[in-house]
1. Please verify whether the range 250-269 includes one or more residues that are farther than 20 Å from Trp91 by Cα, free of Cβ contacts under 8 Å to residues at least 60 places away in the same chain and not aliphatic (A, V, I, L, M).
2. Given the range 161-279, what strands (runs of 3 or more DSSP E) lie entirely inside it while holding 1 or more residues that are under 20 Å from Gly48 (Cβ atoms)?
3. Return only the number of the condition from (1) modelled with pLDDT under 80; (2) of a type outside the set (Asp, Glu); (3) under 25 Å from Arg356 (Cα atoms) that Gly79 does not satisfy.
4. Specify which of the listed residues (Leu218, Leu242) is within 18 Å of Ala88 (Cα to Cα) and surrounded by 13 or more Cβ atoms within 10 Å (Cβ to Cβ).
5. Output the residues belonging to the range 113-143 that are among the acidic types (Asp, Glu) and modelled with pLDDT of 95 or more.
6. I need the full set of residues from the range 115-143 which are in contact with a strand residue (DSSP E or B) (Cβ under 9 Å, 6 or more places away or on another chain) and closer than 17 Å to Pro41 by Cβ, in order please.
7. Looking only at the range 39-65, which residues are modelled with pLDDT of 95 or more and more than 14 Å from Gln299 (Cα to Cα)?
8. Just checking, does the range 437-445 include any residue being assigned to a helix (DSSP H, G or I), surrounded by 13 or more Cβ atoms within 10 Å (Cβ to Cβ), free of Cβ contacts under 8 Å to residues at least 24 places away in the same chain and not assigned by TED's automatic domain parsing to the domain that holds Arg328?
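The values are calculated or read from the model by the stated rules, or taken from the named source; none is laboratory data. Everything numeric here is computed off the predicted structure, so don't read it as measured data. Note that we place each Cβ from the backbone using ideal geometry, even for glycine, and neighbour counts take in every protein chain shown.
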Amino acid sequence: MELKHSYEAIVVGAGPVGLFLAAELRRYGVDVVVLERLAEPSQQIKAGSVGPSSAEVFDQRGLLERFPSPDPAVLAAVGSGRPLGHFAGLWLLRGAPELRTMPVFAQQPQVEAVLESYARELGVPVLRGYEVTGLAGERVEVTHAGSATTVTGRFVVGCDGGRSTVRRLAGFGFEGTPATITGRQALVDIAEPNPLAKGWNRTGTGMIVDGPGPQRVLTVEFDGPPADRDRPLDRAEIEASLRRVSGTDVVVESLVTGTRWTDNTRLATTYRRGGVLLAGDAAHVHPPFGGQGLNLGFQDAANLGWKLAATIAGWAPEGLLDTYGDERAPVAAAALANTRAQIALMRPDPQTSALRELFADLLAYDEPNAHLSRLMTGVDRPYPIASDHPAAGRVVADRPVGSSRLYELLRAPGGLLLDATPDGAGARAASAWAGRVSAVPGPENLLIRPDGVVAWGGATLDGLDKALETWFGRP
């Protein structure tokens, strides 16, 4: 498939977030293209799962069945009350009532493959080997196979990672704290007998992880950032790091793949500059503890997709697109803060050891434990939506609706109104927004945005018209 001269939306970056955003736009008929610098999908080891809140969005798109079923041992652990997650390597998090869905236990390359197939099925052209080299207004300069061309896009979305070219070319601010550590993560073959202790272990020189997979290792060293971040990680380097942190003579026989990372932690000063927007790591970077980055990125895409599509279609209420950054930036800021705190709790000194002991004591109590569980999965703060309904601003919980499930009904593009009135008054009110909102009889009155977020609810229909106009424009 060749590059056209113009599109309604250009998504830069064919990672999981860019692919999912492009699919979201295409569901609404947007003429969108994905431009990716790399000629082939990256196989680097990165995230090992997708969080519960994003798994719910995948369920609302009919994507969950495309991923392999969870390991029975994992399911058994979930039902046993054993720890489900960690904070700074303290495997003590037990979950919270708001975490209703199992994570998707799939490596990032698997997630990317599923989403690329999904996007292509919807008709999204994913063009690899196309590097963005210039950006001026709607004009995007692209280089492919040694030739340069210019393509126009009414909107351009940078989903091109922490070193985003789009962010740099468009002049976004990116403020935060610089790197102080070097982290390394790799898939390796270790000579037997393997002297490394399984799981997460803190030593006098840093943190070391062996597992959960048979080849995965991770180290964190508090000796500053790497001298050459771009140099490929080789077998000798990961072996030396494992030896320094573990204090053993571990032998790495071969390196399958590996990467370095740091605690460079930054947030874009705005998520939008005119027709240019940012999503995923292009908008926020932080250490990978807890696998929060991919979850944040998918939530960005779900929030932005329908709002950008509505703006392109011409029915978006004034200011709708700006609510994307208003809603998502505080969630990212909270993730950045908790990863900074995790770095502080990992430092290899006696004072930090005492703090970790105190922290572990606090996590024995249910409410602090649930609070951190919510924080680590991004469900700790609802969007600021004007409604008295207790679920307002949060992703709606799945439930039976007629002969179907609510999440199955949300697979159709647009908003959804559950109408509990005996005479169908809610559906009649929503009919003025036909094509943007559908209505079905339901167990309660509830207006749900296309991203699955509750926008209004009530025992009566008071406030429904205002909510419909706020999120779906004039009737």
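1. At the first step, the residues of the range 250-269 found to be farther than 20 Å from Trp91 by Cα are 250-269.
Applying the additional criterion that residues be free of Cβ contacts under 8 Å to residues at least 60 places away in the same chain yields none.
Checking the range 250-269: not a single residue is farther than 20 Å from Trp91 by Cα, free of Cβ contacts under 8 Å to residues at least 60 places away in the same chain and not aliphatic (A, V, I, L, M).
2. Details: elements: 174-177, 182-190, 199-202, 206-210, 216-221, 252-261, 265-268, 276-278.
Because the criterion is at least 1 residues that are under 20 Å from Gly48 (Cβ atoms), the strands (runs of 3 or more DSSP E) in the range 161-279 that meet it are 182-190, 199-202, 206-210, 216-221, 252-261.
3. All conditions are met except number (3).
4. Numbers: Leu242 fails: within 18 Å of Ala88 (Cα to Cα).
Within the list Leu218, Leu242, the selection yields Leu218.
5. From the range 113-143, those among the acidic types (Asp, Glu) are 116, 121, 131, 138, 141; that's our starting set.
Of everything in the range 113-143, those that are among the acidic types (Asp, Glu) and modelled with pLDDT of 95 or more turn out to be Glu116, Glu121, Glu131, Glu141.
6. Hits for the range 115-143 are Glu116, Ala119, Arg120, Val124, Pro125, Val126, Leu127, Arg128, Gly129, Tyr130, Glu131.
7. Passing the criteria: Gly62, Leu63.
8. As a first pass, look at the range 437-445 and keep what is assigned to a helix (DSSP H, G or I): none.
No, the range 437-445 contains no residue that is assigned to a helix (DSSP H, G or I), surrounded by 13 or more Cβ atoms within 10 Å (Cβ to Cβ), free of Cβ contacts under 8 Å to residues at least 24 places away in the same chain and not assigned by TED's automatic domain parsing to the domain that holds Arg328.
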